[in-house]
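The structure appears below as structure tokens.
The values are calculated or read from the model by the stated rules, or taken from the named source; none is laboratory data. Everything numeric in this text was worked out from a predicted model, so none of it was measured. As a convention, Cβ positions derive from the backbone with ideal geometry for all residues, glycine included, and neighbour counts pool all protein chains shown. Quick note on the areas: whole protein, heavy atoms, side chains included, nothing else; ligands and nucleic acids left out. Shrake-Rupley method; radii C 1.70, N 1.55, O 1.52, S 1.80 Å.
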Amino acid sequence: VQLQASGGGSVQAAASLRLSCAVSGGNFRMYHGGWFRQAPGKKREFVAAINRNSGTPYYADSVKGRFTISRDNAKSTLYLQMSSLESEDTAVYYCAAGMQVLSAIRNEDAYRHWGQGTLVTVSS
């Protein structure tokens with residue numbers, strides 16, 4: 001399974017961006033989808049995830065109400081719509097796919113397949 005993330009860029013604070021993650025080489029419907037990010041000098045952290053069956057989203061508290069995760073199974077694509085961006089959102093964003101139990105949907109170690117990352121820079 002291969003994941004290709006895209007959509008990053010440099011924006012001003014309060015702007016919006018949409019990240020995409022194209023999944024190939026497997027049945028996307030079988031995978032939970034997740035977005036993680038790693039800011040300079042920090043560990044990678046959970047951002048959002050979406051259930052493979054119900055489509056239920058899960059968010060980190062820091063992005064709740066500003067970010068929206070979605071998936072298009074017909075296009076085998078995962079999305080992250082980011083609004084009201086803040087300088088603290090500056091990071092490399094990674095998409096991931098996994099078949100783990102639902103209780104581990106926020107767990108980075110539970111995701112088997114990863115994209116290459118796309119850089120988001122927010123200036124204030």
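Give the carbon-plus-sulfur fraction of the accessible surface of the chain in %, rounded to a whole number; probe 1.4 Å, heavy atoms of protein chains only. Could you put the intermediate results ahead of the total?
On the way: 2890 of 6140 Å².
Answer for the chain: carbon and sulfur cover 47 percent of the accessible area.
Would you mind working out the accessible area per residue for the stretch 1-89, using a 1.4 Å probe, and quoting it in Å²? Walk me through the numbers before you get to the answer.
Details: 4410 Å² over 89 residues.
Per-residue value: 50 Å².
Stretching S16 away from N51 to a fully extended chain increases their span by 10.2 nm, per 0.36 nm per residue minus the current alpha-carbon distance. For the chain, the antiparallel share of DSSP beta bridges with both residues in that region comes to about 90%.
If you take all other residues with their beta carbon under 11 Å from the beta carbon of C95, and give Lys and Arg +1 and Asp and Glu -1, the sum is +2. The heavy atoms of D89 offer some 0 square angstrom of accessible surface to a 1.4 angstrom probe. Relative to one another, the C-alpha centroids of the stretch 1-26 and the stretch 91-124 are positioned 11 Å apart.
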